[in-house]
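Step one of this worksheet: look at the structure below.
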Amino acid sequence: MEIIHVSAECYPVAKAGGLGDVVGALPKYQVKAGHIAKVVMPMYRTKFLYENDWTVDFKGQANLGNWFFDYTVIKESSNKLGYDLYLIDINGLLDRQKIYGYDDDAERFTAFQIAFVNWMIHWEHQPDVIHCHDYHTGLIPFMMQYCYDYNGLKRIPSVITIHNAQYQGWMGWEKSRYIPRWDLWKRGMLDWNDNINPLASGIKCASKVTTVSWSYMDELRISSNGLEKLFEFERGKCVGILNGIDNEVWNPATDKYLEHHFSVKNVATGKKKNKAVLCERFGLDADKPLFVFIGRLVGEKAADILPYAIRLAIEQTQGQASFLVLGSGETAVEWEFQQMTEPYKGVFNVVIGYDETLSHLMYAGADFLLMPSRVEPCGLNQMYSMRYGTVPIVRSTGGLQDTVVDMGDPDGFGIRFNHATPEDVNYSIGRAVSVYQDSTHMEWMRKRMMQIDHSWESTVDEYTNVYKSLK
Ligand code: ADP
Ligand code: GLC
């Protein structure tokens, strides 16, 4: 089958979170499984852009309301990622340093989607499916069906995968002028609560809707930032497929970001060496259990409760545990963490920012990974940490619930709790500190989780089955 993925992120081209990891890896494993997979994304000014060679594939023109724009589609020349990668350049709009966070994001992603369908119609190419990801590409299924200039694409099935339903891309109806000439009778296919809602539109217009874990699929009908009824209504076309991880990138035995490699056979000594590097660098004591948090410092991740939870745990354990945080996000949370570095020197440190290299070292060197998420559609961090023998401490929600078994349950290797509160986190840290004293149990848990198969190889067929059901 031929699949065209359209996304705002794709690792290693541009990544802000797990969406990038998934869109970077899934096509690679689809190609390995014998399919043709391509990825189309906006052309940002990223390192990857400057370090690789590109050929111009197409030049076109389109409109965003009254604004007439030129766009260029470039293709990576050496098949470096294992699939065809196309970037759409719209001068002045997409070619910026960051992926998101600009005042004109609505215009940027709408223009990107228009350029995509415009290019597709000129290409006269019929893939088996167009696979959209999140709200940034949510208007594509609508445009393929109901925009007069693009309904030549009507017969191509589309799938939308929801990585995060919190962000929906709401736009006021005054922005409907951006959408190329469309069938006004279909207003309801764009609307949700008197706004244009690209994610809701994608759910209504796509042939199939998937999300990234089974539990999150169920949760969406109960809590999805206003879309609950829509998920209930459309449940017949919704499927949960648990994300995989790229075992080639995330392999402690070969990881290009690590100095000290290890495998299941020498996990204890391997982790010890990586922990020593981390502790030396951040002024922590390598003899104490090391807890880390890696991620966006936002409400969804419950990052706001962590500063207090960590202070509580440091006091209750009388300084017998160390903590290291890597992330960026809400200014208040960043500030609170920064304020803690001086008073808690030697047991706590933080790096505010995004650092791919450091994140790999943290998965490798830490003993425990904290994920108190309020919402976690899948979560990749816990799967990476498991692969690196680091015990995940997670709130029982979404994909965390689907992937982590509490150590109190048969065959369990992780720690789960129910509420995103400092008390629950602190209690779980207490359990972790106790189990850390038992090196035989720790060794068993590490080996157990390192052998769990979360590879894309074992998941790719579930997407194939979805595509086949569209024929
Ligand atoms: P989300 O996509 O909701 O942020 P996921 O768990 O799916 O959460 O994926 C997060 C990905 O982003 C992981 O690969 C994680 O290692 C990475 N990541 C998050 N924050 C940072 C950071 N500050 N530095 C490096 N990597 C990060
Ligand atoms: C989103 C979710 C995260 C998921 C990732 C990849 O960013 O927040 O839970 O793992 O997408 O699907």
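So which of Val22, Val31, Val39 is within 16 Å of ligand 2 (Cβ to nearest atom) and either outside any strand (DSSP E or B) or at pLDDT below 95 (or both)?
Numbers: Val31 fails: within 16 Å of ligand 2 (Cβ to nearest atom); Val39 fails: either outside any strand (DSSP E or B) or at pLDDT below 95 (or both).
Testing whether each residue is within 16 Å of ligand 2 (Cβ to nearest atom) and either outside any strand (DSSP E or B) or at pLDDT below 95 (or both) leaves just Val22.
I'd like to know if region 401-408 contains one or more residues that are of a type in the set (Gly, Ala, Ser) and either away from ligand 1 (no atom under 11 Å from the Cβ) or not assigned by TED's automatic domain parsing to the domain that holds Gln320 (or both).
Here is the first cut: in region 401-408, the ones of a type in the set (Gly, Ala, Ser) are 408.
Narrowing further to those that are either away from ligand 1 (no atom under 11 Å from the Cβ) or not assigned by TED's automatic domain parsing to the domain that holds Gln320 (or both): 408.
Yes: one or more hits.
Exactly one of (1) open to solvent by 20 Å² or more (accessible area, probe 1.4 Å); (2) within 25 Å of Thr464 (Cβ to Cβ) is unmet by His5. Its number?
(1)
Looking only at helices (runs of 4 or more DSSP H) that lie completely in region 98-213, which have at least 3 residues being among the charged types (D, E, K, R)? Show your work before the answer.
Details: elements: 105-123, 140-146, 198-205.
Because the criterion is at least 3 residues that are among the charged types (D, E, K, R), the helices (runs of 4 or more DSSP H) in region 98-213 that meet it are 105-123.
Check whether at least one residue in region 311-320 is surrounded by 16 or more Cβ atoms within 10 Å (Cβ to Cβ), part of a strand (DSSP E or B) and either touching a helix residue (DSSP H, G or I) at 6+ places or on another chain (Cβ under 6 Å) or modelled with pLDDT of 95 or more (or both), and report yes or no.
For region 311-320, residues surrounded by 16 or more Cβ atoms within 10 Å (Cβ to Cβ), part of a strand (DSSP E or B) and either touching a helix residue (DSSP H, G or I) at 6+ places or on another chain (Cβ under 6 Å) or modelled with pLDDT of 95 or more (or both): absent.
Take the residues of region 335-355 that are open to solvent by less than 30 Å² (accessible area, probe 1.4 Å) and within 13 Å of ligand 1 (Cβ to nearest atom): which is nearest to Leu19 (Cα to Cα)?
Gly353
Give the residue, chosen from Ile162, Ile121, Ile99, that is β-branched (Val, Ile, Thr), within 16 Å of ligand 1 (Cβ to nearest atom) and open to solvent by 10 Å² or more (accessible area, probe 1.4 Å).
Exactly one of Ile162, Ile121, Ile99 is β-branched (Val, Ile, Thr), within 16 Å of ligand 1 (Cβ to nearest atom) and open to solvent by 10 Å² or more (accessible area, probe 1.4 Å), namely Ile99.
Could you please find all residues in region 63-81 being in contact with a strand residue (DSSP E or B) (Cβ under 9 Å, 6 or more places away or on another chain) and open to solvent by less than 30 Å² (accessible area, probe 1.4 Å)?
Within region 63-81, the subset in contact with a strand residue (DSSP E or B) (Cβ under 9 Å, 6 or more places away or on another chain) is 63, 68-77, 79, 81.
Phe69, Tyr71, Thr72, Val73, Ile74, Glu76, Leu81, listed by residue number.
Scan region 366-410 residue by residue and report those that are more than 24 Å from Ala286 (Cα to Cα), small (Gly, Ala, Ser) and more than 9 Å from ligand 2 (Cβ to nearest atom).
The answer is Ser396, Gly408.
Step by step: first the residues of region 440-449, then only those that are touching a residue at least 60 places away in the same chain (Cβ under 8 Å) and more than 21 Å from Ala313 (Cα to Cα), then the one that is surrounded by the most Cβ atoms within 10 Å (Cβ to Cβ). Which residue is that? I'd like the intermediate steps shown before the answer.
Looking only at region 440-449, we keep the residues that are touching a residue at least 60 places away in the same chain (Cβ under 8 Å), and these are 442-443, 446-447, 449.
From the residues that got through so far, the ones that are more than 21 Å from Ala313 (Cα to Cα) too are 443, 446-447, 449.
Numbers: Glu443: 13, Arg446: 22, Lys447: 15, Met449: 26.
Per the criteria, the residue is Met449.
The values are calculated or read from the model by the stated rules, or taken from the named source; none is laboratory data. These numbers come from a predicted model, not from an experiment. In this analysis, Cβ positions are derived from the backbone assuming ideal geometry, glycine residues included, and neighbour counts consider all displayed protein chains. The protein model used for the area step is the full one, side chains on, heavy atoms only, and it has no ligands, DNA or RNA in it. Shrake-Rupley method; radii C 1.70, N 1.55, O 1.52, S 1.80 Å.
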